[in-house]
Amino acid sequence: MNASTVRYGSLRIPLPAQRAIDEAFAYLARDPVVRSVIERLERSRVGHRIAIDHRHDDSYLPWSHTIRWDPTSALRTTDGGRQSPALGLAHELDHAVESERSFDRLQAITITRYDTAEERRVIAGSERHAARTLHESARRDHDGVSYRVAGPTKRYPSTGSG
């Protein structure tokens with residue numbers, strides 16, 4: 001293992017991001033569905049890693065089992081609601097725990113408003129459940145506008161409250 005990474009079970013995270021990931025995981029663990037997703041990922045037989053991104057690029061790269069996450073990128077939903085960077089991480093974690101076969105099959109199905117059946121599965125499933133538990137906005141599509149916040153659990157720019 002590289003000295004600049006730490007492991008949470010089968011999940012590798014960059015050491016400089018450990019504090020932000022710990023904050024996000026503690027926040028997300030308040031929701032039982034996402035807590036289960038995190039636990040499944042940590043116990044997975046397939047190793048995954050989180051790569052920090054600072055360009056609003058939350059995504060899952062299945063070919064390398066990499067979860068890209070920007071810990072200061074929140075999302076304004078199409079109905080004007082707000083989601084924290086932590087909820088964006090939960091969304092990508094759920095993609096990562098889906099079996100490769102199912103992920104590929106669902107990604108190939110186009111669904112209006114959600115882009116793919118895989119995005120609908122995550123948004124209407126674990127993401128919506130966590131949004132309600134954490135008192136964040138629940139999306140009804142795969143759109144939104146990213147903006148900067150001070151940390152992983154914040155939903156408002158640093159001039160406002162989190």
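The values are calculated or read from the model by the stated rules, or taken from the named source; none is laboratory data. Small disclaimer: the values here were computed from a predicted structure and weren't measured. Quick reminder, even Gly has a Cβ in these numbers, built from the backbone with ideal geometry, and neighbours come from all protein chains shown.
Of the conditions (1) modelled with pLDDT of 95 or more; (2) surrounded by fewer than 21 Cβ atoms within 10 Å (Cβ to Cβ); (3) within 25 Å of residue 18 (Cβ to Cβ), residue 126 fails just one. Which one is it? Condition not satisfied by residue 126: (2).
State yes or no: is residue 136 crowded, with 18+ Cβ neighbours inside 10 Å, under 20 Å from residue 50 (Cα atoms) and within 16 Å of the chain's Cα centre (by Cα)? For residue 136, the condition - crowded, with 18+ Cβ neighbours inside 10 Å, under 20 Å from residue 50 (Cα atoms) and within 16 Å of the chain's Cα centre (by Cα) - is not met. When you look at residue 59, is it among the small types (Gly, Ala, Ser), modelled with pLDDT of 95 or more, surrounded by 15 or more Cβ atoms within 10 Å (Cβ to Cβ) and within 21 Å of residue 136 (Cβ to Cβ), yes or no? Considered against the rule, which asks whether it is among the small types (Gly, Ala, Ser), modelled with pLDDT of 95 or more, surrounded by 15 or more Cβ atoms within 10 Å (Cβ to Cβ) and within 21 Å of residue 136 (Cβ to Cβ), residue 59 comes out as yes. Scoring residue 79 on the criteria (1) surrounded by fewer than 16 Cβ atoms within 10 Å (Cβ to Cβ); (2) touching a strand residue (DSSP E or B) at 6+ places or on another chain (Cβ under 7 Å) leaves a single failure, condition (2). Residue pairs, Cβ under 8 Å, 6 or more apart or interchain, first in segment 80-103 and more than 22 Å from residue 22 (Cα to Cα), second in a helix (DSSP H, G or I). List them. What qualifies is 98/106; 98/118; 98/121; 103/95; 103/118. Name the residue, out of 137, 146, 158, 99, that is under 22 Å from residue 11 (Cβ atoms) and not β-branched (Val, Ile, Thr). None of the other options fit; the residue is 99.
Residues of segment 74-92 that are of a type in the set (Val, Ile, Thr) and within 12 Å of the chain's Cα centre (by Cα): none at all.
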